[in-house]
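Visitor: Input: one structure, supplied below.
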Amino acid sequence: MSLPNIPNITPIIDISREDALNMLIASIAMEEMGLAHIINAEGEKIQYVLSSEINRSASIHDIKNINQGVDRIIRDVTKLQMLLQEKLESVMILSEKKPECSCKPKPSPQPPPPVCYPACTLIGCGSGCVNNKSDEFCGFTASVESSICTNLEDSISFSLEYRLSRKQEGICRPKLAIMMAIPESIEISCTNKVRPCNISNDFDMLIMKGQGVMSIREADNTISQCTVSFKLTVWDTECKQKFQMVISSKNPEFNHDSGIVLVSSGNLEIKSIPRKRHPLF
């Protein structure tokens, strides 16, 4: 006669509440099986004594003693079954109770960090003559065009285009250079000072820097491109606008410094970005 075994458990016991309740129910079932084996053995004992084919020498006195022994065993088994019944009811009550949650409440999601926008931006377009004699584009017309746009999520982005061109007699397609800034790389900073003329803008100096792609078309219509870094400085002082564009690259052919360019045409303007709202200007 053999009994089922509880699954092997190491000395370091790490079980959940549900597993513990299941093991208690399994232990009750195993004890019931053991009692069933005992009752079956006592029944076989009586059958053996009463069998006329196996043993004819048993007296009435022997049979009476065996019957009394079986009676004591059955009484003890009945007591154990009553204890097992109470044990099972206690386990069922525990299984119906929901365990108290000992875990920590999940923290509420943090709001996304506020998006920081510059205090000002550059709006419009302006052009003037490059007067830096050390630059190969000296005498060319430098044009700056900048804008700002918003999307449905009320976020803003900036765009910047810088162009170098010059009209030459007898040349149908003269040399031309265009630099388009990458919007995601644009960084803007601005300062304000006391200006002699009464201008409504809050700022009189703006620095816009970042990365972009520059294309140069030669007079023979050959085109070359390169990724560049740029720094545009704009001044709005003395009732005039000036700017300087400095472009640097690993390829010396694309290096450029316009020098101080006086805006002779256009509507280039430094504008403030409201802190609460930032609609299109």
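The values are calculated or read from the model by the stated rules, or taken from the named source; none is laboratory data. This structure is a prediction, so every number in the text was calculated from the model and none was measured. For neighbour counting, all protein chains shown are included, and Cβ atoms are generated from backbone atoms with ideal geometry for every residue, glycine included. When the accessible area is computed, the model is the full protein with side chains, heavy atoms only, and any ligands, DNA or RNA have been set aside. Shrake-Rupley method; radii C 1.70, N 1.55, O 1.52, S 1.80 Å.
Visitor: Under 8 Å by Cβ, and 6 or more places apart or on different chains, what pairs join a residue from the range 134-161 that is on the phi > 0 side of the Ramachandran plot with one that is open to solvent by less than 20 Å² (accessible area, probe 1.4 Å) and modelled with pLDDT of 90 or more?
Guide: G139/V130
Visitor: Residues of the range 212-237 being among the β-branched types (V, I, T), at pLDDT below 90 and in a strand (DSSP E or B), which ones?
Guide: Of everything in the range 212-237, those that are among the β-branched types (V, I, T), at pLDDT below 90 and in a strand (DSSP E or B) turn out to be I223, T237.
Visitor: In the list K167, K240, K209, which residue meets the criterion of being at pLDDT 90 or above and basic (K, R)? If you could, list the steps in order and put the result at the bottom.
Guide: Working: K167 fails: at pLDDT 90 or above; K240 fails: at pLDDT 90 or above.
Matching residue, one of K167, K240, K209: K209.
Visitor: Take the range 215-266 and flag every residue that is touching a residue at least 60 places away in the same chain (Cβ under 8 Å), small (G, A, S) and surrounded by 13 or more Cβ atoms within 10 Å (Cβ to Cβ).
Guide: Result: S258, G259, G266.
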